[in-house]
1. When you look at residue 148, is it of a type in the set (Lys, Arg) and modelled with pLDDT under 90, yes or no?
2. Among the residues that make up segment 83-93, is at least one of them among the small types (Gly, Ala, Ser), within 22 Å of residue 155 (Cβ to Cβ) and modelled with pLDDT under 85?
3. So if I check each of 185, 273, which one is modelled with pLDDT under 85 and out of contact with any strand residue (DSSP E or B) (no Cβ under 9 Å at 6 or more places or on another chain)?
4. Considering only segment 130-139, state which residues are over 19 Å from residue 16 (Cβ atoms) and in a helix (DSSP H, G or I).
5. List every residue pair whose Cβ atoms sit under 8 Å apart, with the two residues 6 or more apart in sequence or on different chains, where the first one lies in segment 244-267 and is without any contact (Cβ under 8 Å) to a residue 12 or more places away in the chain and the second, anywhere, is hydroxyl-bearing (Ser, Thr, Tyr).
6. With the structure loaded, tell me whether residue 266 is closer than 30 Å to residue 155 by Cα and either of a type outside the set (D, E, K, R) or modelled with pLDDT of 90 or more (or both) or whether it fails that test.
7. Starting from residues that are closer than 19 Å to residue 262 by Cα and without any contact (Cβ under 8 Å) to a residue 12 or more places away in the chain, keep the ones in segment 216-236 and report whichever is surrounded by the fewest Cβ atoms within 10 Å (Cβ to Cβ).
8. Name every residue in segment 32-66 that is without any contact (Cβ under 8 Å) to a residue 60 or more places away in the chain, surrounded by fewer than 21 Cβ atoms within 10 Å (Cβ to Cβ) and under 11 Å from the mean Cα position of the chain (by Cα), in order of residue number.
Amino acid sequence: MKFIGNTEEYLFLKTIDGQSCDVLTEHIESSLTILWFQAENNILIIDGKEEVFSKDQIVFLTEFHQIVPKKIGETRFLRFNRPFYCILDHDSEVGCKGILFFGASQLPVITISTEEHQKFDILWQMFVIEMESNDNLQIDMLQMMLKRYLILCARRYKNQENYPNEKSETDLVREYNFLVEQHFRTKHSVADYAELLFKSPKTISNIFSKMDSKSPLKYIHERIMLEARRTLYYTDKSVKEIAYELGFEDIQAFSRFFKKQEGVSPTEYKGKRDLGTIANS
């Protein structure tokens, strides 16, 4: 079921399986995707890495994720674009920027508990009913239900993560992650982001440490590496071009950085791609 509005609003809702999962590889500009698995042992290759998902897990993907379905059972698929609902403009309503989407390198996954399952299921059924309607209120109703869906998911994700109680600290971490998503090609140090947040690098590091999280510098490095792997794997750009695009002064600096993170040089990694061994390594 697909909704297309008068100003390029796009919402797609469908239950897919192994025979109807081509939609996973379809590219829709400025889109976000939510997959709710209804069966066990689903296998997707995401950005060259094999990921396994269980029943009642939900994963959140952006247009930048490269997805190859390897094994997929019944799955509830939802995709919407920025004109339909922009999470950046409406973050005060749903609170999912930097949590469900655009959270640096982390792949957000939630698991629905038995107690919560009914809420999610009823909302999905309401979604389906509204997709079949055709009146002047349809887009408003669909946006309202999407907002509710995102709120439920963000709430669940926060509950299963070790978030601090102080709202200001939670917001700061989310903003940091989102700034990394925006600027990782040009800003490579914690000090760069601390300046944007009007905080000291020490304050940023202390908050991340309080959350028992990876360090703020590691978030930067992982996001750069994610883009480096994607570009090496999915394009024919040279290592020199990729180094320049990711803000490195020269190919040697990029190669040293990549090898320290990945264990192999960019050239060797690209060679593994050609041999088809990355996903299983």
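1. No.
2. Step one: list which residues in segment 83-93 are among the small types (Gly, Ala, Ser), which gives 92.
Subsequent filtering for residues that are within 22 Å of residue 155 (Cβ to Cβ) retains 92.
Pick out the ones that are also modelled with pLDDT under 85 and you get 92.
Within segment 83-93, one or more residues are among the small types (Gly, Ala, Ser), within 22 Å of residue 155 (Cβ to Cβ) and modelled with pLDDT under 85.
3. On the way: 185 fails: modelled with pLDDT under 85.
Selected residue: 273, the only one of 185, 273 that is modelled with pLDDT under 85 and out of contact with any strand residue (DSSP E or B) (no Cβ under 9 Å at 6 or more places or on another chain).
4. Keep residues of segment 130-139 that are over 19 Å from residue 16 (Cβ atoms), which gives 130, 133-139.
The answer is 130, 138, 139.
5. Here the result reads 259/265; 265/255, each pair linking segment 244-267 to a residue that is hydroxyl-bearing (Ser, Thr, Tyr).
6. Working: closer than 30 Å to residue 155 by Cα: no; either of a type outside the set (D, E, K, R) or modelled with pLDDT of 90 or more (or both): yes.
When the stated conditions are applied, residue 266 does not pass them.
7. Step one: list which residues in segment 216-236 are closer than 19 Å to residue 262 by Cα, which gives 216-235.
Imposing the further condition that a residue be without any contact (Cβ under 8 Å) to a residue 12 or more places away in the chain reduces the set to 218, 235.
Numbers: 218: 15, 235: 11.
Step by step, filter segment 216-236, then rank; the result is 235.
8. If the condition is that a residue be without any contact (Cβ under 8 Å) to a residue 60 or more places away in the chain, surrounded by fewer than 21 Cβ atoms within 10 Å (Cβ to Cβ) and under 11 Å from the mean Cα position of the chain (by Cα), then 62, 63, 65 are the ones that fit.
The values are calculated or read from the model by the stated rules, or taken from the named source; none is laboratory data. Quick caveat, the model's predicted, so the values are computed rather than measured. Here the Cβ is made from the backbone with ideal geometry for all residues, glycine too, and neighbour counts use every protein chain on show.
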